[in-house]
1. Report the charge-dipole magnitude of segment 33-97 in Debye, nearest 20, computed about the Cα centre from +1 at each Lys and Arg Cβ and -1 at each Asp and Glu Cβ.
2. log10 I(q)/I(0), Debye, Cα-only segment 1-89, no solvent, q = 0.14, 0.17, 0.23 Å⁻¹?
3. In nm, give the distance between the simple-model label positions of Glu109 and Ile64, each being 7 Å from the Cα along the Cα-to-Cβ direction.
4. Work out the charge dipole of the chain with +1 on the Cβ of Lys and Arg and -1 on the Cβ of Asp and Glu about the Cα centre, then indicate which of Phe70, Asn80, Val90 is farthest towards its positive end.
5. Tell me which lysines have Cα within less than 21 Å of Lys15's Cα, excluding those fewer than 8 residues away on the same chain?
6. Stokes-Einstein diffusion coefficient for segment 61-104 at 4 °C in a medium of 1.567 mPa s, Rh from the Kirkwood formula over Cα pairs: what value in µm²/s?
7. Could you pull the Rg and Dmax for segment 37-112, using just the Cα atoms, both in Å?
8. So, with +1 on the Cβ of K and R and -1 on the Cβ of D and E, and no other charges, what is the size of the charge dipole of the chain about its Cα centre, to the nearest 20 debye?
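No lab work stands behind these numbers, since they all come straight from the coordinates. All figures in this text were calculated on a predicted structure; none of them were measured in a lab. Because the Cβ atoms are built from the backbone with ideal geometry, glycine has one as well, and the counts that use them run over all protein chains shown.
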Amino acid sequence: MKITEFDVDWDEDNKKANAQIKNTGGKGTGSFLVYFAAEEDPVSPSHSPLIVKEVKGLGKDEYINLSADFAPLARPENVNLANVQKILIVVDPTGLIKESDEKNNIESESVD
């Protein structure tokens, strides 16, 4: 698995992250999760923004485009997302897919 594209569209009207994940391994995968997490400063006491996507599997050389909209997660407890500094994407955070390179499963992008 590899994150081949990752961008963040973050302004007054949009609070979205988009990613393309490709199976670069030699065979298909089973189901796995993808986390989109907001890195905050200061950290919210509750309601830290996290979006979890489930991918049912990818064949060899297949890719999937995912989008995460954080706007519905805005609330007073997380300062309506004003404290978000970066968006972090983590592919297969539970390690279900055996890989030779786990380093290309994490990436972050600043929101400014």
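1. Dipole magnitude for segment 33-97 comes out near 100 debye.
2. -0.53, -0.71, -1.05
3. 1.8
4. So the residue furthest toward the plus end is Val90.
5. Hits, sequence-local ones excluded: Lys53, Lys86.
6. The calculation lands on 95 µm²/s.
7. Using the Cα atoms of segment 37-112, the pair Rg, Dmax is 14.5, 43 Å.
8. Dipole magnitude for the chain comes out near 620 debye.
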